[in-house]
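Notes follow the structure.
Each value in this text was obtained by applying a stated rule to the coordinates, not by laboratory testing. Just so you know, these numbers come straight off a predicted model, no measurement behind them. We place every Cβ from the backbone using ideal geometry, glycine too, and count neighbours over all the protein chains shown.
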Amino acid sequence: MTRLRDLGITIGEFPTGPFNAITDVKDVLVGHTTIILEEPRIARTGVTIIMPRRGDVWRNPAFAAYHSFNGCGEMTGLLWVEESGQLSHPIALTSTHHVGTVHEALVAYAQEHGHTEHSSLPVVAETWDGWLNDMDGFHLKARHVYAALGGLDGGPVAEGNVGGGTGMICHEFKGGIGTSSRVVETKSGAYTVGALVQANHGSREDFRVGGVPVGRLIDPSETPVPWPEPAESSSIIIVVATDAPLLPFQCRRLAKRATVGFARAGGVGHNGSGDIFLAFATGNELGEASSLRSLHMVPNQHLNAMFVAAAEAVEEAIINAVVAAETMTGWQGRTVYGLPTEELVQIMADYPTVGRRLPRAPHHQ
């Protein structure tokens, strides 16, 4: 698996965590199940699960909030996230036709582990993989969700054609799962901000890397777009995590900043796009208590660095999803080409403005 920094290309100004992944946020785990089948029907699909608090999120929720940049998509459980300000389940990313299956499997898993006295409203999000995947085959089963839960890990995260991102397309290159992180120093302390995306959106002409219009500079005769006419719908799910002690309204503010990273990489929010962003913060303990609870909160005036970090992590996560993904042929013999990384490296080297960023001014901290 190749990532953007493996190519010698660095974007943003803040340092990454050790894995440059959402798992750099303490006790955040990620698991994938990938389904690639030729018979009895073509399958290019799967599920990705993000688990906060190392599996204790049912009894010790995390403050959370969401932002819908464009709402032609689905993420279940958001009404309760908005009402309670808390996330009390793992987050699952999958294909549009598998939302129900994944939701039911997560409820069953919670029942089997004694968690349903707290909540049975899982968060399941989707993007459409019907160009490469025969979606009407309903390939994903409960056992696949259980396999992803069984494979949860806090180390490096597989990207590209994996899990829920298996059949996805991003900026008319092969897309999928991508992740990144940033570590920031604020006046309230040092915190990690991580992002994971399921990228299935965008036009070729809008794709940018570090501000460079890469999509317009790649020859379509050498790397064709997938379809004869521009797609009418596309989507991205973005999950932002932090170990900072943020309250729900601050999580919403952080989720909104995912829009900045989305736009930097070329996202627009087209009419048929489901661009739904969720942020959670694990810096407060919210387990059961019989009396008043004391909470911590980063002052709003100390959040600027975290806002920048969220934008940078999202931008790089999207680009990592494209760089890591490989050419795939799927349903009806359709082929979606991976980003030509050697050409990307050459474009970035030749483009005259790359790398000319000014140092950060102190007031941003």
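Can you give the net charge of the other residues whose Cβ lies under 15 Å from the Cβ of Phe207, counting K and R as +1 and D and E as -1?
Once positives and negatives cancel, what remains is -2.
Specify whether the C-alpha gyration tensor of segment 234-327 places it in the rounded, prolate or oblate class, a ≥ b ≥ c being the square roots of the eigenvalues: rounded for a/c under 1.5, otherwise prolate if a/b is larger than b/c and oblate if not.
Prolate, since a/c reaches 1.5 and a/b exceeds b/c.
List the GluC sites (Glu not before Pro) within segment 201-302 that DSSP assigns to loop and that have no more than 12 neighbouring Cβ atoms inside 10 Å.
Within segment 201-302, the qualifying GluC sites (Glu not before Pro) (loop, at most 12 other Cβ atoms within 10 Å) are Glu222, Glu232, Glu288.
Could you work out the relative contact order of the chain? I mean the mean sequence separation of Cα pairs under 8 Å and 6+ apart, divided by the number of residues, in percent.
24 percent
Show which lysines lie in cross-link reach of Lys256 when reach means a straight Cα distance below 25 angstrom and same-chain residues fewer than eight apart are skipped.
Lys26, Lys187
List the DSSP H helices in the chain whose Cα atoms stretch 24 Å or more along the helix axis and whose mean Kyte-Doolittle hydropathy is at least 0.0.
304-324
Å³ per residue of the Cα convex hull, for the chain?
Considering the Cα atoms of the chain, their hull volume per residue is 119 Å³.
Of the chymotrypsin sites (Phe, Trp or Tyr not before Pro) in segment 102-144, which ones lie in a loop per DSSP and count no more than 15 other C-beta atoms within 10 Å?
Taking segment 102-144 and a limit of 15 other Cβ atoms within 10 Å, the loop chymotrypsin sites (Phe, Trp or Tyr not before Pro) found are Phe138.
Report the net charge of residues surrounding Leu278, where surrounding means a beta-carbon distance below 12 angstrom and charges are Lys +1, Arg +1, Asp -1, Glu -1.
So the environment of Leu278 carries a net charge of 0.
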